[in-house]
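The values are calculated or read from the model by the stated rules, or taken from the named source; none is laboratory data. All values derive from a computational prediction rather than experimental measurement. Positions of Cβ are generated from backbone atoms using ideal geometry, with glycine treated the same way; all protein chains shown enter the neighbour counts.
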């Protein structure tokens with residue numbers, strides 16, 4: 001079986017925060033102030049440079065599309081129409097604004113708008129619950145289902161749905177990949193027998209996994225009117241992302257030091273005792289490396305799968321905003337992009353922390 005490329009020398013993704021964190025620690029010395037300030041300044045300058053280039057790029061694209069709209073009006077309708085188009089663009093009216101890459105300020109405004117929208121929707125939910133409290137109590141007493149709020153979801157609800165889906169898929173991947181990895185890792189014959197299966201299905205696209213899961217779930221739930229989008233999404237995510245954990249678990253189990261196995265034989269440990277007291281503890285570093293890769297892959301493929309499954313998550317949100325084409329749709333897409341990136345970063349740091357807790361070689365960021 002081919003060895004899975006594992007992550008080595010982890011923890012470097014938090015390096016840009018280390019100068020700032022070091023200044024807050026009790027052991028921080030005055031002699032460290034200048035180097036830490038220098039590193040923090042470089043980090044700040046890189047952020048400002050990124051925002052500056054983004055602003056200039058969005059402005060250039062805005063001007064390019066604005067000039068095109070004005071030239072088109074001049075060519076097709078004459079000078080009066082071109083002047084009217086120029087005045088409309090200058091006025092800031094949404095109907096004639098170029099629909100291109102939004103500036104940082106527009107993205108910030110869209111983020112604030114989404115937060116305000118979340119507060120309004122939460123207030124509507126609370127009002128609905130209060131209004132239906134008596135009715136729902138009577139329905140529950142009669143053994144019927146309570147009436148639930150079915151209004152639109154806020155951006156925060158959408159993000160929470162995506163997080164719930166990715167964790168459900170991650171748990172499914174763990175429950176499938178770790179036991180199978182342990183079993184085939186214990187036997188060279190099984191590793192050879194299953195190698196073709198792993199090598200064929202590991203690179204399959206998330207779109208294909210979605211279609212396969214959709215065929216099965218649709219049949220299993222035939223005649224059921226309930227929404228199966230969440231079930232289809234998390235199963236597709238789990239099946240698509242589990243392969244790194246499967247291969248790394250098999251690698252970890254197969255590479256356990258033979259001295260440990262011999263000690264287990266001397267102590268006359270049973271099969272399950274040998275697995276849980278010797279093999280799994282020795283394999284944990286590689287297993288958690290595989291789990292970390294699995295979680296990262298699960299978060300990446302989630303967006304495409306949510307879009308296809310029509311699950312109320314970030315994938316569907318991005319697609320609907322793209323289809324919507326409103327003046328602030330592009331800015332909302334950029335907000336979603338940053339949220340996806342930040343959540344992916346945080347999930348990776350959580351798994352890195354757990355991995356370092358069980359690893360014999362602690363990885364330190366630089």
Restricted to the range 101-149 and to residues being loosely packed, with under 15 Cβ neighbours inside 10 Å and assigned to a loop (DSSP other than H, G, I, E, B), the residue farthest from the chain's Cα centre (by Cα) is 142
Quick count over the range 166-181, residues being buried (at least 24 other Cβ atoms within 10 Å of the Cβ) and closer than 23 Å to residue 255 by Cβ, is 3
Checked the range 255-272 for anything in a helix (DSSP H, G or I) and surrounded by 18 or more Cβ atoms within 10 Å (Cβ to Cβ); matches are 264
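Between 335, 354, 275, which is part of a helix (DSSP H, G or I) and either closer than 30 Å to residue 54 by Cα or free of Cβ contacts under 8 Å to residues at least 40 places away in the same chain (or both)?
335
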Within the range 46-72, the count of residues that are surrounded by 12 or more Cβ atoms within 10 Å (Cβ to Cβ) and within 14 Å of residue 82 (Cα to Cα) comes to 7
| message | Going residue by residue through the range 333-354, is there one that turns out to be surrounded by fewer than 17 Cβ atoms within 10 Å (Cβ to Cβ) and at pLDDT below 80? | response | no
Looking at this structure, is residue 315 touching a helix residue (DSSP H, G or I) at 6+ places or on another chain (Cβ under 8 Å) and in the same structural domain as residue 203 (by TED's automatic domain parsing)? yes
Filtering the range 285-322 down to residues that are at pLDDT 85 or above and over 17 Å from the mean Cα position of the chain (by Cα) yields 286, 287, 288, 289, 320, 321, 322
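Residue-by-condition table, conditions (1) at pLDDT 90 or above; (2) over 17 Å from residue 304 (Cβ atoms):
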residue	(1), (2)
169	yes, no
187	no, yes
219	no, yes
226	no, yes
248	yes, yes
262	no, yes
271	no, yes
Margin query: Within the range 26-35, does at least one residue satisfy the condition of being at pLDDT below 85 and surrounded by 13 or more Cβ atoms within 10 Å (Cβ to Cβ)?
Written below: yes
Next item on the list: Please work out if residue 280 is crowded, with 18+ Cβ neighbours inside 10 Å and in contact (Cβ under 8 Å) with a residue 40 or more places away in the chain.
Entry: no
Exercise for the section: Return yes or no: is residue 296 touching a residue at least 40 places away in the same chain (Cβ under 8 Å), assigned by TED's automatic domain parsing to the domain that holds residue 190 and part of a loop (DSSP other than H, G, I, E, B)? Expected result: no
Selection from the range 87-98 of residues surrounded by 14 or more Cβ atoms within 10 Å (Cβ to Cβ) and assigned to a loop (DSSP other than H, G, I, E, B) yields 97, 98
- May I ask you to verify whether residue 163 is touching a residue at least 12 places away in the same chain (Cβ under 8 Å), in a loop (DSSP other than H, G, I, E, B) and either outside the structural domain of residue 309 (by TED's automatic domain parsing) or within 20 Å of the chain's Cα centre (by Cα) (or both)? no
Residues in the range 182-216 that are touching a helix residue (DSSP H, G or I) at 6+ places or on another chain (Cβ under 7 Å) and either under 17 Å from residue 302 (Cβ atoms) or surrounded by fewer than 13 Cβ atoms within 10 Å (Cβ to Cβ) (or both) total 6
